[in-house]
Each structure stands twice: as structure tokens, then as C-alpha cells.
Amino acid sequence: MHAAGEDINTILGGIKVLIVDDEHSTRKVVRALLLGMGCTRIEEAHDGASGLDAVRSFAPDIVLLDWEMPGIDGPAFVRKLRSRERFPLPQVPIIMLTGHGERARVLEAVRLGVHEFLLKPVSSSTLKARIISVLSKPQARLRLADRDGDEAHRLAG
């Protein structure tokens, strides 16, 4: 059991995470959560356009993406990223972070190919669990978690 924990820590320490969110304070909090779980290779983007540029240059292992942003919002970002002809990593796992958990948004995220859907504010343990989940099972799946991190619905899997 202890060895498995060490393996997870090694994996988390080696992955590249891209945070795409227009709110500086949210990026700062998410970065702190990631650093607390051992992730050190973190890049940030303040909007969808710079996030897409960062995917090209940074080649993240996972993207943490805000839904609502000016210009290229979360759904538009995912549609562009999933365009195989335009991006070298069209299947990079995406965890959508949002303050809005309406069923229509969740279903839209599933349709677009988002792997996980978390409501803000997100806890460290929930974020870590979702990162481990998408890295261990890269096929598109999505869970809706409530603000305390408890799984409320499993919509795809």
C-alpha cells in the first residue's frame, strides 16, 4: 500500500499541468493545491487563446480549464483542442472547473470530451482524486462533484 502511494507521488511530481482560467486568484489557489500534492511542473494561461498556445508549447499531461472566460471560453477551447488537424495533443485529459453545475453544462462538457467536471471551490483531495483518475484511465469520463468533493452523479463512464 505504501509503495502505491509512492508511485502516485512520483507520477504527480512528474506530470505537466496547465491551468487555464481568467481569474488570477483562482489560478493562484489551484497552483497552491497542485504544489501541495507534489505537482511542480505547472503552467498558467489567463485566457483560452493563451491556453491553446500553451498546449502547443508546454504539451501538458492534463489541463484544468475554467468554463467561463472572455474570448475563447471553456467549451470553445475544448472544441479547438479536440481538432486533430490543429493540435498535437487532441486527447489530453481535461478537467473542467466551474462555479456552475447546471445539467446542461455538464452534458455539454461530456459531449465535447471533457474527462471530469468539478464545481468550484474544489478541495485538494477531490482535485487529486480526479487527476489520478484521468491519468490512470485516459478514456473520456466525467463526474460531477459537489462543492465538498462528494460525487453527486456519475454521468459517463
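The values are calculated or read from the model by the stated rules, or taken from the named source; none is laboratory data. Please read all numbers here as calculations on a predicted model, not as lab measurements. Reconstructed Cβ throughout: ideal geometry from the backbone, glycine too, with neighbour counts over all protein chains shown. The protein model used for the area step is the full one, side chains on, heavy atoms only, and it has no ligands, DNA or RNA in it. Shrake-Rupley method; radii C 1.70, N 1.55, O 1.52, S 1.80 Å.
Annotations
Residue-by-condition table, conditions (1) under 20 Å from Ile15 (Cα atoms); (2) hydrophobic (A, V, I, L, M, F, W, C); (3) open to solvent by less than 50 Å² (accessible area, probe 1.4 Å); (4) not in a helix (DSSP H, G or I):
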| site | (1), (2), (3), (4) |
| --- | --- |
| Leu52 | yes, yes, yes, no |
| Ser57 | yes, no, no, no |
| Leu65 | yes, yes, yes, yes |
| Arg79 | no, no, no, no |
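- Check on Lys28, open to solvent by 30 Å² or more (accessible area, probe 1.4 Å), touching a residue at least 24 places away in the same chain (Cβ under 8 Å) and out of contact with any Cys (no Cβ under 6 Å at 6 or more places or on another chain): no
- Verdict on Val92 being buried (at least 20 other Cβ atoms within 10 Å of the Cβ) and in contact (Cβ under 8 Å) with a residue 12 or more places away in the chain: yes
- Subset of segment 30-40 [under 16 Å from Gly14 (Cα atoms), out of contact with any strand residue (DSSP E or B) (no Cβ under 6 Å at 6 or more places or on another chain) and part of a helix (DSSP H, G or I)]: Leu33, Leu35, Gly36
- Those residues of segment 106-155 which are among the acidic types (Asp, Glu) and at pLDDT 90 or above, in sequence order: Glu108, Glu116
- Search result, residues across segment 15-29 that are farther than 14 Å from Cys39 by Cβ and in a strand (DSSP E or B): Val20
- When Gly38, Gly13, Gly48 are checked against the criterion of being touching a Ser or Thr at 6+ places or on another chain (Cβ under 7 Å), modelled with pLDDT of 90 or more and either small (Gly, Ala, Ser) or buried (at least 20 other Cβ atoms within 10 Å of the Cβ) (or both), a single residue qualifies: Gly13.
Residue by residue, here is whether (1) aliphatic (A, V, I, L, M); (2) over 16 Å from the mean Cα position of the chain (by Cα) holds:
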{"residue": "Leu33", "(1), (2)": "yes, no"}
{"residue": "Cys39", "(1), (2)": "no, no"}
{"residue": "Ile42", "(1), (2)": "yes, no"}
{"residue": "Ala49", "(1), (2)": "yes, yes"}
{"residue": "Phe58", "(1), (2)": "no, no"}
{"residue": "Glu68", "(1), (2)": "no, no"}
{"residue": "Asp73", "(1), (2)": "no, no"}
{"residue": "Arg82", "(1), (2)": "no, no"}
{"residue": "Glu85", "(1), (2)": "no, yes"}
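- Count - residues of segment 100-124 that are surrounded by fewer than 16 Cβ atoms within 10 Å (Cβ to Cβ) and either of a type in the set (A, V, I, L, M) or more than 14 Å from the chain's Cα centre (by Cα) (or both): 6
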